[in-house]
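The values are calculated or read from the model by the stated rules, or taken from the named source; none is laboratory data. Note that the structure is predicted; figures quoted are calculated from it, not measured. FYI the Cβ positions are ideal-geometry reconstructions off the backbone, even for glycines, and counts take in every protein chain you see.
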Amino acid sequence: MKYREKTGFGKCPPEPENDLFQYDILCVGACVQDILIEGIEPSDFCNPVTVLDRVIFTSGGDATNEAVILSRLGNRTALVAKVDRGTAGDAIYLDLQREGVDTSQIVRDGNSRSTTSFVMINSQGNHNFFLSKGENEGIALEEIDLLALRHARAISIGSMYTSYKLDKGGTVELMKIAKRAGLITFADVDHDVEKLGPDAMNQVYPYIDYLLPSIDEASYITGEKDEKRAAEKILSLGAKTVVIKLGDKGCYVKNREEEFYVAPFLVEAKDTTGCGDNFVAGFIHCVLKGRSLQESARFACAAGAINSLEIGGHMAVKSERQIEEFLKTAAVCEISRG
Ligand SMILES: Nc1ncnc2c1ncn2[C@@H]1O[C@H](COP(=O)(O)OP(=O)(O)OP(=O)(O)O)[C@@H](O)[C@H]1O
Ligand SMILES: [Mg+2]
């Protein structure tokens, strides 16, 4: 069945350049509805009516932010996630289709409710989150069309430790199958909200080509505060390359051949929500283009830095050209590493 017939509405993802691969990348993980409300002060809650500066309805969640950015950078991207059959699910679906993300791998489940988060932003740029927590969210291994892996060059797990239904064994199986099918594998990490323990993902690392945790997550997994020692431990657990995100201090990269830092770009950060997801998308984009590890990490830092210039998880990064221009002109912040 043709894509447009199958989904009923929206924009088709770009046609594959050859018959071999339908997708450059499959992004697996969280998909939620974000409503960003700008220009609201705590005192406004007592007013009967408040006129707002701007309200933005957008999709969000780690895998979703990654998928949107990868699509904007020109990759044929499918999101592998679950959304509800209500208005949140409809809005998410439409938003993704407008972004050119392939939605054919999204499961729409009448028995689930997607999370909606209301982000109230005041005139100083400070946020308050109001969360309507979803139910029966997250995709399980048995809901994923494993045949899609045959038609993809790469797969990315939006975040281990927050893919509740995949975290207890599903991710290992998925990544095992992905490696057997010859895909390049990427994974980000999040905080261990479910208290699965630092060793919970140990079986997954041997199937990961690029693991991209933040320094807090790398420390949690390894018990090492220092990024060099943490990366060394993660390599010994089986990941082939480790890229540790260091927030406003750039990133640190290590594999068996190379080891280096990338200095951060000097930006006036407005909102760092989703910087990690934009970083990962930028990195994946470059790896898929065959760029060097150094170039990929630098491009990723630029994507993360640009994202911080706007509110929301995928509002600022628009195109590869925009990032290339930023790389030519942006100032770098030299960091003394102890
Ligand atoms: N304030 C900043 N200034 C410059 N670059 C930044 C800043 N914040 C983030 N970045 C860039 O974005 C990358 C990813 O951000 P960060 O380290 O916060 O990821 P993260 O902790 O995974 O974030 P999240 O999970 O909240 O999206 C950093 O490695 C850095 O290159
Ligand atoms: Mg992160």
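Would you confirm, using the coordinates I've provided, whether residue 85 is within 25 Å of residue 212 (Cβ to Cβ), at pLDDT 95 or above and surrounded by fewer than 20 Cβ atoms within 10 Å (Cβ to Cβ)? Lay out the reasoning, then the answer.
Working: within 25 Å of residue 212 (Cβ to Cβ): no; at pLDDT 95 or above: yes; surrounded by fewer than 20 Cβ atoms within 10 Å (Cβ to Cβ): yes.
It is false that residue 85 is within 25 Å of residue 212 (Cβ to Cβ), at pLDDT 95 or above and surrounded by fewer than 20 Cβ atoms within 10 Å (Cβ to Cβ).
Could you tell me whether residue 105 is part of a loop (DSSP other than H, G, I, E, B) and over 28 Å from residue 40 (Cα atoms)? Before you say what the answer is, go through the steps one by one.
Working: part of a loop (DSSP other than H, G, I, E, B): yes; over 28 Å from residue 40 (Cα atoms): yes.
When the stated conditions are applied, residue 105 passes them.
Return the pair list, or none, for Cβ contacts closer than 8 Å from residues in segment 206-227 that are closer than 22 Å to residue 296 by Cβ and in contact (Cβ under 8 Å) with a residue 60 or more places away in the chain to residues that are away from ligand 2 (no atom under 16 Å from the Cβ) and of a type in the set (D, E, K, R), at least 6 apart or on different chains.
Qualifying pairs under 8 Å: 210/240.
What is the number of the single condition among (1) assigned to a loop (DSSP other than H, G, I, E, B); (2) without any contact (Cβ under 8 Å) to a residue 12 or more places away in the chain that residue 74 does not meet?
The single condition residue 74 does not satisfy is (2).
Run down 182, 238 and say which single residue is more than 16 Å from ligand 2 (Cβ to nearest atom), part of a loop (DSSP other than H, G, I, E, B) and in contact with a Phe, Trp or Tyr (Cβ under 6 Å, 6 or more places away or on another chain).
Working: 182 fails: in contact with a Phe, Trp or Tyr (Cβ under 6 Å, 6 or more places away or on another chain).
Exactly one of 182, 238 is more than 16 Å from ligand 2 (Cβ to nearest atom), part of a loop (DSSP other than H, G, I, E, B) and in contact with a Phe, Trp or Tyr (Cβ under 6 Å, 6 or more places away or on another chain), namely 238.
In segment 195-234, what residues are of a type in the set (A, V, I, L, M) and in a helix (DSSP H, G or I)? Full working, then the answer.
Looking only at segment 195-234, we keep the residues that are of a type in the set (A, V, I, L, M), and these are 196, 200-201, 204, 208, 211-212, 215, 218, 221, 230-231, 234.
Residues satisfying the conditions are 215, 218, 221, 230, 231, 234.
All but one of (1) assigned to a helix (DSSP H, G or I); (2) more than 16 Å from ligand 2 (Cβ to nearest atom) hold for residue 335; which doesn't?
(1)
Which one of these does residue 324 not meet: (1) away from ligand 2 (no atom under 16 Å from the Cβ); (2) under 21 Å from residue 257 (Cα atoms); (3) not β-branched (Val, Ile, Thr)?
(2)
With 158, 138 as the choices, which residue is in contact (Cβ under 8 Å) with a residue 40 or more places away in the chain and part of a loop (DSSP other than H, G, I, E, B)?
Details: 158 fails: part of a loop (DSSP other than H, G, I, E, B).
Going through 158, 138 in turn, the sole match is 138.
Could we say that residue 286 is under 24 Å from residue 125 (Cα atoms) and surrounded by 18 or more Cβ atoms within 10 Å (Cβ to Cβ) here?
Working: under 24 Å from residue 125 (Cα atoms): no; surrounded by 18 or more Cβ atoms within 10 Å (Cβ to Cβ): yes.
When the stated conditions are applied, residue 286 does not pass them.
Give segment 261-305 a look and list any residue that's more than 16 Å from ligand 2 (Cβ to nearest atom), in a helix (DSSP H, G or I) and not small (Gly, Ala, Ser), or say none. So that I can check it myself, show each step before the final result.
Of segment 261-305, the ones more than 16 Å from ligand 2 (Cβ to nearest atom) are 261-263, 265-268, 270, 285-296, 298-299, 302.
Those left that are additionally in a helix (DSSP H, G or I): 285-288, 293-296, 298-299, 302.
285, 286, 287, 288, 293, 294, 295, 298, 299 - these are the residues of segment 261-305 that are more than 16 Å from ligand 2 (Cβ to nearest atom), in a helix (DSSP H, G or I) and not small (Gly, Ala, Ser).
Residue 176: more than 16 Å from ligand 1 (Cβ to nearest atom) and buried (at least 16 other Cβ atoms within 10 Å of the Cβ), yes or no? Step through it out loud before you land on a result.
Values: more than 16 Å from ligand 1 (Cβ to nearest atom): yes; buried (at least 16 other Cβ atoms within 10 Å of the Cβ): no.
It is false that residue 176 is more than 16 Å from ligand 1 (Cβ to nearest atom) and buried (at least 16 other Cβ atoms within 10 Å of the Cβ).
For residues that are more than 9 Å from ligand 1 (Cβ to nearest atom) and buried (at least 18 other Cβ atoms within 10 Å of the Cβ), scanning just segment 262-281, find the one that is farthest from residue 309 (Cα to Cα).
Among them, the one singled out is 281.
Let me confirm something: among 254, 318, which residue is away from ligand 2 (no atom under 16 Å from the Cβ) and either crowded, with 18+ Cβ neighbours inside 10 Å or of a type in the set (Gly, Ala, Ser) (or both)?
On the way: 318 fails: either crowded, with 18+ Cβ neighbours inside 10 Å or of a type in the set (Gly, Ala, Ser) (or both).
After applying the criteria, what remains is 254.
Taking residue 170 as the residue in question, decide whether it is surrounded by fewer than 24 Cβ atoms within 10 Å (Cβ to Cβ), of a type in the set (Gly, Ala, Ser) and closer than 21 Å to residue 24 by Cα.
Details: surrounded by fewer than 24 Cβ atoms within 10 Å (Cβ to Cβ): yes; of a type in the set (Gly, Ala, Ser): yes; closer than 21 Å to residue 24 by Cα: no.
Considered against the rule, which asks whether it is surrounded by fewer than 24 Cβ atoms within 10 Å (Cβ to Cβ), of a type in the set (Gly, Ala, Ser) and closer than 21 Å to residue 24 by Cα, residue 170 comes out as no.
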